[in-house]
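Below you'll find the structure, written out as structure tokens, and then a few comments.
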């Protein structure tokens, strides 16, 4: 059953007379509840692709179908967790989440229900204790947790993660990856994640989409990750399937599609 | 320091409490007091020393017979009445300094409020729309260089009355820095915040109140601070020309009747009020933008 479909997406940017084709003929179908990662070297247009799915950028050709309906403008059904958290610094943790909740559930939930829903989502990411803190007063990992809570609280059909752990130190990152895995297990969200971290991709995903280098980047290979959930990073370290997947992605990125500095 | 005392009083005043064991009023520890006194002294003593020094130099310079300006001792003697009774009102323009200052402040309040509302609105338009910027920015850049008083004859011709003309001069003087700073603030809103707003599907009005204004607040307040300073500069000059009640005309009137001491006193007041106005806006800015600091 296809839930989210990326249909023949091309994207080119025109500046003056010069036209650069960034993405070419991207086709991808994602099932409900699936966790799909997109991996590629920097500059291959993976963030552009996520922005197209989010509706923040329009595709030049082709489009995005969600439940067989075309989506071409941003909306809370495709909530984004941004790389740099993008919390509004003048609002508290609670107010940041509440802003989205008030917008999405304006007519369907009462004020009290919305308050409970905000706290429920803050509890999911273990951030309820910091509800009255401002983003500047909490750590990078905590901010990202709040960013995830804000996205989850909109009850999105698809959760879009744009290198969500990229700006974090290794230990915090591992901790947060486990949290995201647990949330995915519990809530069964459909997740599309951009990453450049091979271990992260293999650990979290059901499928890994590998992008070729730009310009005119496209999907080079899609790898199924045959690992049962729930997954444990310590056990996986010696798991043959895990190592094989990891090897496949590394080969793709560093042998067949090496990063070209000049590009 | 009064807090513990007040607390005990309220407890004692409660009629229902039969037995109240009063905690001994907590005395602020001597060390704390010393620390606070020292911190205050560090800020207050140096300007005080300089002030006294300047006063002495002034006194020495202007003491000689036949000097053009009065020494501070004579200024004080001449203006004692004005200093100690700022509230007298003998009709016409023969009023205490309080009435002159409040008349000037009222004009500034009117003109500056109009400029703040108009400036933020126009600044938002220019900052948000490329076409509005292309169309309006060059015009603003030329208009803002026109000195405040150059507008006065034109506004007198248009309004045929001193009061609205003075308010218009304040408005037209203080609006430019507000427009320009607001526009820069709006243009500098990070794309991330715009993306967040887009994903949340905030409508333009919600976007304006919940994202634009808070995000641009530090810039807007910079504009407001420059604006209030300029309007205080402009009102004095404008009042000298339009006459009536107001600190500007008070100075001009004192000059015409050769009351040099009164001019000096008025200048003190003008300086202090200008300073207070600036601090006021800065204080509001501190409160409003406390959360806007980037993390």
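The values are calculated or read from the model by the stated rules, or taken from the named source; none is laboratory data. All values derive from a computational prediction rather than experimental measurement. Cβ: placed from backbone, ideal geometry, glycine included. Neighbour counts: every protein chain shown.
Filtering segment A:77-90 to residues that are within 7 Å of chain B (Cβ to nearest Cβ) and either over 24 Å from residue A:65 (Cβ atoms) or without any contact (Cβ under 8 Å) to a residue 12 or more places away in the chain (or both) leaves A:84, A:86, A:88, A:89, A:90.
Scanning segment A:30-46 for residues that are surrounded by fewer than 17 Cβ atoms within 10 Å (Cβ to Cβ) and either within 12 Å of another protein chain (Cβ to nearest Cβ) or over 25 Å from residue A:259 (Cβ atoms) (or both) yields A:31, A:32, A:33. Restricting attention to segment A:93-103 and to residues that are in contact (Cβ under 8 Å) with a residue 40 or more places away in the chain and more than 8 Å from every other protein chain (Cβ to nearest Cβ), the residue that is nearest to residue A:141 (Cα to Cα) turns out to be A:93. If the condition is being more than 13 Å from chain A (Cβ to nearest Cβ) and either more than 31 Å from the chain's Cα centre (by Cα) or in a loop (DSSP other than H, G, I, E, B) (or both), then segment B:185-196 contributes only B:188. Within segment B:220-236, one or more residues are within 14 Å of chain A (Cβ to nearest Cβ), farther than 14 Å from residue B:172 by Cα and surrounded by 20 or more Cβ atoms within 10 Å (Cβ to Cβ). Condition (residue is touching a strand residue (DSSP E or B) at 6+ places or on another chain (Cβ under 9 Å), surrounded by 16 or more Cβ atoms within 10 Å (Cβ to Cβ) and at pLDDT 90 or above) applied to segment B:117-130: is it met by at least one residue? No, segment B:117-130 has no match at all. The criterion of at least 1 residues that are under 17 Å from residue B:233 (Cα atoms) is met by the following helices (runs of 4 or more DSSP H) wholly inside segment B:70-176: B:97-128, B:148-159. Candidates A:135, A:74: the one that is touching a strand residue (DSSP E or B) at 6+ places or on another chain (Cβ under 9 Å) and within 14 Å of chain B (Cβ to nearest Cβ) is A:74. At least 2 residues being closer than 26 Å to residue B:80 by Cα is the threshold, and among the helices (runs of 4 or more DSSP H) wholly inside segment B:197-295 those reaching it are B:213-242, B:247-256, B:260-288. In contact with a strand residue (DSSP E or B) (Cβ under 8 Å, 6 or more places away or on another chain), surrounded by fewer than 22 Cβ atoms within 10 Å (Cβ to Cβ) and closer than 30 Å to residue A:87 by Cα: does that describe residue B:195? Here the answer is yes, as residue B:195 does meet what is asked. Which residue is nearest to residue B:216 (Cα to Cα), if the candidates are limited to segment A:47-71 and must be in contact with a helix residue (DSSP H, G or I) (Cβ under 7 Å, 6 or more places away or on another chain) and within 12 Å of another protein chain (Cβ to nearest Cβ)? Per the stated criteria, the residue is A:56.
Results for (1) modelled with pLDDT under 90; (2) part of a strand (DSSP E or B); (3) over 22 Å from residue B:196 (Cα atoms), shown as yes or no for each residue.
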{"site": "A:5", "(1), (2), (3)": "no, yes, yes"}
{"site": "A:20", "(1), (2), (3)": "yes, yes, yes"}
{"site": "A:44", "(1), (2), (3)": "yes, no, yes"}
{"site": "A:52", "(1), (2), (3)": "no, no, no"}
